[in-house]
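One structure below.
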């Protein structure tokens, strides 16, 4: 008796992981070259989309995961928990943008760029959107902040290179300095 086929293993791996799984991880687990895994994931994604099963394969944070399409999510609201966190304040979003575009960055640098407090860093850490990535080589060795994989997931980015270009206006001029 032979084991399950590669498409079944790819689908099961994406479901079981509950997080984005990279091609490298799938290649190692399945014992198949990455290019073959890529074809299998793409084929699996096409079959899932055609079958209208209520979920889809999403490429995010350098890997692939199974997600509920946005059009279906509202129907499942009673099942989803915990309840969504409150929307981030504009100050928190500004701090998050400074960190995303300028990382690694110290709290003092954030405050200098914003011209105000960076106290929302704590909230962003609690939400696992930013983390301490090291210490600056400066007096007192202040903490350096950077974004997390959760940031990529929550904002639907594969990598930081997917951040939109800075446009003139808003506080973009602060980030360019």
Exercise for the section: Would you confirm whether any residue within the range 90-97 is surrounded by fewer than 14 Cβ atoms within 10 Å (Cβ to Cβ), over 30 Å from residue 145 (Cβ atoms) and out of contact with any helix residue (DSSP H, G or I) (no Cβ under 9 Å at 6 or more places or on another chain)? Expected result: no
Problem - Single condition residue 76 does not satisfy, out of (1) touching a strand residue (DSSP E or B) at 6+ places or on another chain (Cβ under 9 Å); (2) under 21 Å from residue 14 (Cα atoms) - result: (1)
Problem - Conditions (1) assigned by TED's automatic domain parsing to the domain that holds residue 160; (2) touching a helix residue (DSSP H, G or I) at 6+ places or on another chain (Cβ under 6 Å); number of the one not met by residue 106 - result: (2)
Completion exercise
Going through the range 15-64 in order, the residues found to be assigned to a strand (DSSP E or B), in contact with a helix residue (DSSP H, G or I) (Cβ under 8 Å, 6 or more places away or on another chain) and either over 27 Å from residue 160 (Cα atoms) or in contact (Cβ under 8 Å) with a residue 40 or more places away in the chain (or both) are 21, 57, 60, 63, 64
Problem - Some residue of the range 3-16 being surrounded by fewer than 17 Cβ atoms within 10 Å (Cβ to Cβ) and within 24 Å of residue 151 (Cα to Cα) - result: yes
Problem - Single condition residue 111 does not satisfy, out of (1) in a helix (DSSP H, G or I); (2) in contact with a helix residue (DSSP H, G or I) (Cβ under 8 Å, 6 or more places away or on another chain) - result: (2)
Problem - Residues being at positive phi and not in a loop (DSSP other than H, G, I, E, B) - total across the range 125-164 - result: 1
Handout entry: Of the criteria (1) outside the structural domain of residue 160 (by TED's automatic domain parsing); (2) without any contact (Cβ under 8 Å) to a residue 24 or more places away in the chain; (3) over 24 Å from residue 161 (Cα atoms), which one residue 126 fails
Key = (1)
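The values are calculated or read from the model by the stated rules, or taken from the named source; none is laboratory data. All of these numbers come straight from a predicted model, not from anything done at the bench. Using ideal geometry, Cβ is built from the backbone for each residue, glycine included, and neighbour counts are taken over all protein chains shown.
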